[in-house]
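Here's the structure we're looking at; comments come further down.
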Amino acid sequence: MSLFFIVNPVAGRGRSRRLVSEFEGRLPPNAHSDVTFTECAGDEERLTERALHAGAQTIVAVGGDGTVSAIGASLLRRKSTASLAIVPCGTGNDIAKTLGVNRWTPRQVAELVERGSPIQIDVGVADGHFFLNSCGFGFDASVLEASNHVRLLKGDAVYIYSALRQLFTYRGVEVSVSGAPGVKNGSMLMVTVSNGCWLGGAFKIAPQASVLDGKLDACFLGDSNVVRRVKLFLGAMRGTHIGMPSVLAAGVQGLTLTFPDSPLMEIDGDEHSRAQ
């Protein structure tokens, strides 16, 4: 068994280093492992290429959604047959939640890797970028930008706090939609296109989504007053916002969104500044 670890050393406020040691301690004697640490944003690309050149059969991502997504995208661009395992220790861990491994211990993940029974999941593409869990425009991306400045909180609380602050001030985003019948063009609070259920750790934005059904779940949240925004906020935490008057959800194979200005775009917990 040949494993290659790509570790975000600051994930979980440094907890990622301890998790790697725990994982390695659970590997069978014949397992060969190589541990590498990212040095800057985007370093996953270089390390993934290095892992594949070294013949890694499985790459273990130790970090949050950004780390997992970047490695997954690198594997997809190279059309690699290597497997991707996740030891989650990020802020939201949405991808791990969707896959049901967010509370798994390193021992459980190691046992899963040892069994060697990977599954194939769907992926999405937005503006040329692969995403494993979701992409979003409007309120979602604005909350993500604000969360990067929160220092005293951790985990789901970071996104909940940031969302509450944005809830009363965010102005909405103008968007035209093609590919989702029934959606009216105009100002929206946000648009999300999801492969998985979760967003920002605490929000079940696409409760019916599955990474195995061959489609994406689009959710359009119309802009509204503060009272309705609060109801949407609470509903999204429970996954009960679907069906509210200002919300329209649709399963799609493809979708075109057109904006008068290039908005921020959120992809798997990372900001991307350009979308057409």
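Only the coordinates and a few stated rules stand behind these numbers; no lab work does. These figures come from a predicted structure and were not determined experimentally. No Cβ is skipped: glycine too gets one built from the backbone with ideal geometry, and neighbour counts run over all protein chains shown.
Observations, loosely collected:
- Segment Val10-Leu76, length gained on full extension (0.36 nm per residue, minus Cα span): 21.2 nm
- Label-point separation in nm, Val226 to Arg103, each point 7 Å along Cα→Cβ: 3.6
- Estimated FRET transfer efficiency (Asp34, Glu271; beta-carbon r; R0 30 Å; 0.05): 0.50
- C-alpha long axis of helix 106-115 to longest principal axis of the chain, angle in °: 70
- Backbone N within the range 250-266 under 13 Å of label point (7 Å from Asn185 Cα along the Cβ vector): 256-261
- Of all DSSP bridge pairs formed entirely within the chain, close to 65 percent run antiparallel.
- Taking a point 7 Å out from the Cα of Met1 in the direction of its Cβ, the residues of the range 30-48 whose backbone N falls within less than 13 Å of it are 30-34.
- Computed FRET value (nearest 0.05) for Glu174 with Leu212, which takes r as the C-beta separation and R₀ as 35 Å: 0.55
- Computed [θ] at 222 nm, helices only, for the chain once each DSSP H run of length n ≥ 4 contributes -39500 (n - 2.57): -9000 deg cm²/dmol
- Bridgeable aspartates and glutamates around Lys215 (alpha carbons under 16 Å apart, same-chain partners fewer than 8 residues away excluded): Asp122.
- The range 129-272 shape via C-alpha gyration tensor axes, a/c threshold 1.5: rounded
- Helix axis angle, 156-167 relative to the chain longest principal axis, alpha carbon, degrees: 20
- Descending by average beta-carbon neighbour count within 10 Å, the peptides 59-72, 246-259 line up as 59-72, 246-259, the highest first.
- Compared with the direct C-alpha span, the chain from Val123 to Tyr161 gains 10.8 nm at full extension, assuming 0.36 nm per residue.
- Burial order of peptide ranges 8-18, 175-185 (average beta-carbon count within 10 Å, highest first): 8-18, 175-185
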